[in-house]
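What follows is a single structure, written as structure tokens, with notes after it.
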Amino acid sequence: MRWHDEGRTKDGKIRDPADGECWKDLDARYPGFAADPRNPRLGISSDGFNPFRSMSSKHSTWPVMLIPYNLPPWICMKETSLILSMIIPGPASPGNDIDIYLQPLIDELLQLWDGVDTFDASSQEIFPLKAALLWTLNDFPALAYLYGWSTSGKYGFPSCGPCTISFRLNKSMKLCYMGHRRWLPQGHVFRNRRRQEFDGTKVTELAPTTMSGSSALKRLQGRVFVLGKKGNVAKKAKGGKKVKNSEKENEMNQEPKRKRKAGNKKSIKNQGLKSHDCHVILEDILPLALRSCYPHKEVMEIVIGLSNFFKKLCSKVLDVSELDELQESIVMTLCNMERIFLPSFFTIMVHLMVHLVEEVKLGGPVHYRWMYPLERSFVRLKALVRNRAFPEGSIAEGYLAQECLTFCSRFLEGTTRFTRPSRNPNPSDKIKDLYMFHSAGEPIGKAVPVGQFNSRLLIQAHRYVLRHCDELADFRNEFVAEENSKRCDSANLTEADTTKLINEHFADWLEQKVLQSDGSTITEKVRALAAKPNRYGVRYSGYVINGFRFHTMSHESVHVTQNSGVVNIAENGVRYYGRLSDIFELSYNDYKVVFFNCDWYDVYHKVGIQTDEFGFTLVNKSRKIHRR
């Protein structure tokens, strides 16, 4: 619970909710609360779902989750860290009466704000624990209930409030939310000169300020509200003619018998795509897919702008200075969208993008506040329903059982959900001691013995080890100093001359140096390096290092996935692109060194690498750098 104060990196960048303005403002207003870092900062989330694993809205259950943000990032948004505080039962949605259901939770939060005696297991003492609620997390429809502001209609966006610009289309009666030119700087060309490209109006007003809770309360002063739900009022049917149930069933029975033509929407529909899948498609796949279709340049720039915006916005580390540039870029993207797309495209969710940067400044990184972890936890709650007559009771009993098992599993030996290794685990300390370099990994698959390595490959690999091993830094400096002293002229060796000397003569010099010295000044690693590698070794088809998984090209030839692409950024900033062709391991006595043999592509000629008009890097795989 003290990680946000003692463990997080404090370098001025946004890495944690504690780096957001909301957290800092709470600490500044209530220094007594901020004095104890153990006091939790909470977020509350709620959303409705059908507990019977169907998409029907006839039954809606609303669990209310609490998220403690004091925890470190690797466990903060895990399912075991979320707290199910209460369940609002169905079948009807709570609607505007959700505040009545939340009243017991609000009373407990007020009690926590005053302080509750709590035992600290680490310090073996009792202290007054206080808690504060930072924000609520929910999707946009649920925001209308929790925030108390309708998210549909003329003033449907809570941040803009009465300053929301919207208009209704004549035929479809659909509301459109536009007016993004207000966020442009004064004197921008889109405000005046190109008004004919928008809606034919001139924009002079500034961007609206975000409506706060106090300003919303002022607007509600003097208004009378009637508690309780409205009486049963007969609703008018949406259709002009009533369709009987028998006619509906007849229509459904005839549907499978119809012959579907090519291009029918049911035959081309993408199934199984979740919201997170669409998120990944927008960030990485959609720009590349559209590039192959050769769309209009302005449309392509808009798609790339949206892709880059969400990719930077959802980063784990954000620079505060870059957020203003990010805000300017999304405003320009939205204005360009108004020039090209039809007004019906601009729903309230499109307008939401102009406020996302401000949300990041207030709350910190996006992945602490999006709904993906909570939606996954709701799926687990659905699986707890055993008695369909009492779904909420089944969820409550199943959740209590899971909490008990989770608590007990923390004290069990062996592999549990908290101790099981990740898919790309770091090597153990015993394995690290066997490797020459500290950035050790772990091979994938069986080791394939190699009868004898090529002599040229051995020389190149040994030279690479001698140039990059930290234990040989003093020996390399001594070698270069001796070579400088042998020169007749007073000029020192250049960097190119030094590299050439180390490649050609340093191995023999190091071998003689170790043989002539006594054993007290030479470490075991240096002795192993001076003895040169064994000519016999092993090969692997895959390797895990630094949390990343790599496979050779030969291994990928029979698989769909690709993990052979590599990129290396040199000291001069040049990016070298290549593919992994071989993974082999050499032995230096008791120490091992793993090598990635890559096919590097030519980045020095325009035929080998290019950047197209949309900013994509194009690499010519037929032109390799060592075959120029």
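Here, each number is a calculation from the coordinates, and none is a lab measurement. Source: prediction; values computed, not measured. Cβ atoms come from the backbone with ideal geometry, glycine included; neighbour counts cover every protein chain shown.
Per residue, the convex hull spanned by the Cα atoms of the range 3-148 measures out at 145 cubic angstrom.
Amide H contacts of Thr118 (H built 1.01 Å from N, in plane; Pro and chain starts excluded): Phe127, Leu129 sit under 5 Å, all sequence-distant by 5 or more or on other chains.
Couplings 3J(HN,Hα) of the range 132-146, computed from phi: 10, 9, 8, 7, 10, 10, 6, 6, 5, x, 6, 4, 4, 7, 6 Hz, in residue order, whole Hz [Karplus 6.51 cos²θ - 1.76 cosθ + 1.60, θ = phi - 60°; x for Gly and Pro]. Give me the percent relative contact order of the chain, please, defined on Cα pairs under 8 angstrom at least 6 residues apart. Over the chain, the number comes to 11 percent.
For Phe167, the residues 5 or more places off, or on other chains, whose built amide H falls under 5 Å of its own are Cys176, Met178. Across the range 413-420, computed HN-Hα scalar couplings (Karplus, 6.51 cos²θ - 1.76 cosθ + 1.60, θ = phi - 60°) run 8, x, 8, 10, 5, 9, 10, 5 Hz from first to last residue, x flagging Gly and Pro.
For the chain, adding -39500 (n - 2.57) for each run of n ≥ 4 DSSP H residues and dividing by the number of residues yields -10500 deg cm²/dmol at 222 nm.
The angle separating the long axis of helix 297-313 from the principal Cα axis of greatest extent in the chain is about 80 degrees.
Residues Glu205, Glu338, ranked from the fewest to the most other C-beta atoms within 10 Å, line up as Glu205, Glu338.
With semi-axes defined as the square roots of five times the eigenvalues of the C-alpha gyration tensor, the equivalent ellipsoid of the chain measures 56, 34, 29 Å, largest first.
Evaluated with a Cβ-only charge set (Lys, Arg +1; Asp, Glu -1), the range 432-627 carries a dipole of roughly 740 debye about its Cα centre, given to the nearest 20. Semi-axes of the equivalent ellipsoid for the range 362-414, computed as √(5λ) from the eigenvalues of its C-alpha gyration tensor and ordered from largest down, come to 25, 20, 8 Å. The antiparallel fraction among DSSP beta bridges confined to the range 3-148 stands at about 75%. The eigenvalues of the Cα gyration tensor, multiplied by 5 and square-rooted, give the range 432-627 an equivalent ellipsoid with semi-axes of 33, 25, 14 Å from largest to smallest. What you get for the chain, charging only the Cβ of Lys and Arg (+1) and of Asp and Glu (-1), is a dipole of about 4240 debye around the Cα centre.
Each of Thr151, Asn534, Gly547 was scored by the projection of its Cα onto the charge dipole of the chain, and the greatest displacement toward the positive side belongs to Thr151; charges sit on the C-beta of Lys, Arg, Asp and Glu.
A simple rule links phi to the HN-Hα coupling: the Karplus curve 6.51 cos²θ - 1.76 cosθ + 1.60 with θ = phi - 60°, which for the range 20-34 gives x, 5, 5, 5, 5, 5, 5, 5, 6, 6, 10, x, x, 5, 6 Hz, with x for Gly and Pro.
DSSP bridge analysis restricted to the chain gives an antiparallel fraction near 90%, rounded to the nearest 5.
Amide H contacts of Asp582: Asn597, each under 5 Å away and 5 or more positions distant or on a separate chain (H built 1.01 Å from N in the peptide plane; Pro and chain starts excluded).
Take every pair of alpha-carbon atoms less than 8 Å apart whose residues are at least six positions apart; their mean separation over the length of the range 432-627 yields a relative contact order of 21 percent. May I ask you to derive the relative contact order of the range 170-212, considering only C-alpha pairs under 8 Å and at least 6 residues apart, and to give it as an integer percent? Result for the range 170-212 is 37 percent.
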